[in-house]
Amino acid sequence: GERHSDAIRMIEAIVDDVPEIQSIHMIYDVACIFESAFHRYKPEWKETIRARIRRFHLYGHEHSCHVLYNLFRTQGYGLIIGEEPEHLWFIILHLIKSGRVSSGPDVCKR
């Protein structure tokens, strides 16, 4: 399962550094799970933290997630696509050596 502790610590650090912050809008692949878990952990921040799902990752979610967590359906996110990090990784892919095999051992047998 997805652990949210890193994202929670990051949000806490932002709020500690900028206490006058009024809202944080974030994009997270499992925003539907994270947002409800975070609001249970910090109910006083319910109006401050908003998490949404990138378009690419939204297709793996239920219809209710499409309605509630879509970037284009949420005020405050503008027309951001949310795939900018993937575009950057694609551009610099030739600089990165892969240390991870993406397929199982039986897939490439001849």
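Structure notes:
- Within segment 36-74, restricting attention to residues that are within 10 Å of the chain's Cα centre (by Cα) and among the charged types (D, E, K, R), the residue that is farthest from residue 13 (Cα to Cα) is 54.
Matching residues to (1) open to solvent by 60 Å² or more (accessible area, probe 1.4 Å); (2) out of contact with any Gly (no Cβ under 9 Å at 6 or more places or on another chain); (3) assigned to a loop (DSSP other than H, G, I, E, B):
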| residue | (1), (2), (3) |
| --- | --- |
| 3 | yes, yes, yes |
| 6 | yes, yes, no |
| 9 | yes, yes, no |
| 13 | no, yes, no |
| 19 | yes, yes, yes |
| 37 | no, yes, no |
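- Boolean, residue 103 is at pLDDT below 80, open to solvent by 60 Å² or more (accessible area, probe 1.4 Å) and part of a loop (DSSP other than H, G, I, E, B): no
- Scope segment 59-70; condition open to solvent by less than 60 Å² (accessible area, probe 1.4 Å) and at pLDDT below 80; matching residues: none
- Taking residues in segment 28-48 that are of a type outside the set (Gly, Ala, Ser), and partners anywhere that are open to solvent by 30 Å² or more (accessible area, probe 1.4 Å) and outside any helix (DSSP H, G or I), the pairs with Cβ atoms closer than 6 Å and at least 6 places apart or on different chains are 30/2; 34/28; 39/46; 48/23.
The values are calculated or read from the model by the stated rules, or taken from the named source; none is laboratory data. As the structure is a prediction and not an experimental result, all values here were calculated from the model. Heads up, the Cβs are rebuilt from the backbone with ideal geometry, glycines too, and the neighbour counts pull from every protein chain shown. To get the accessible areas, we keep the full protein, side chains included, count just its heavy atoms, and leave off ligands, DNA and RNA. Shrake-Rupley method; radii C 1.70, N 1.55, O 1.52, S 1.80 Å.
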